[in-house]
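The values are calculated or read from the model by the stated rules, or taken from the named source; none is laboratory data. Just so it is clear, the model here is predicted, and its values are computed rather than measured. With ideal geometry, Cβ positions are generated from the backbone for all residues, glycine too; neighbour counts draw on all protein chains shown.
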């Protein structure tokens with residue numbers, strides 16, 4: 001059953017050290033509802049890869065804003081403010097790989 005990440009996206013954890021025995025990274029599937037956006041946030045220790053599997057939207061990465069669609073992959077360096085928004089046509093789904101593994105306490109929300 002999907003859970004909610006601190007940034008507001010719906011998450012289905014696929015692999016995480018706390019549950020699966022791997023050590024250095026986590027993999028999750030995130031869904032952002034049509035017309036919705038995750039909260040602007042950053043991770044101080046974690047590098048992330050977002051791989052868009054379905055949908056289209058806008059990615060904010062630092063001061064850049066650019067379109068993303070299924071098949072695109074975005075690298076998010078540690079400390080970089082970011083968020084992603086689904087367009088109004090449908091949900092945006094992505095795979096999120098985190099190294100080190102995702103942790104709520106490494107997630108700083110930059111807006112409420």
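Of the set (1) modelled with pLDDT under 95; (2) surrounded by fewer than 17 Cβ atoms within 10 Å (Cβ to Cβ); (3) on the phi < 0 side of the Ramachandran plot, all apply to residue 53 but (1).
Scanning region 96-112 for residues that are under 13 Å from the mean Cα position of the chain (by Cα) and buried (at least 16 other Cβ atoms within 10 Å of the Cβ) returns 96, 97, 98, 101, 102, 103, 107. Consider residue 46 carefully, then state whether it is crowded, with 17+ Cβ neighbours inside 10 Å, under 21 Å from residue 86 (Cβ atoms) and modelled with pLDDT of 85 or more. No, not satisfied. Is it fair to say residue 13 is at pLDDT below 95, surrounded by 15 or more Cβ atoms within 10 Å (Cβ to Cβ) and outside any loop (DSSP other than H, G, I, E, B)? Against the criterion (at pLDDT below 95, surrounded by 15 or more Cβ atoms within 10 Å (Cβ to Cβ) and outside any loop (DSSP other than H, G, I, E, B)), residue 13 qualifies.
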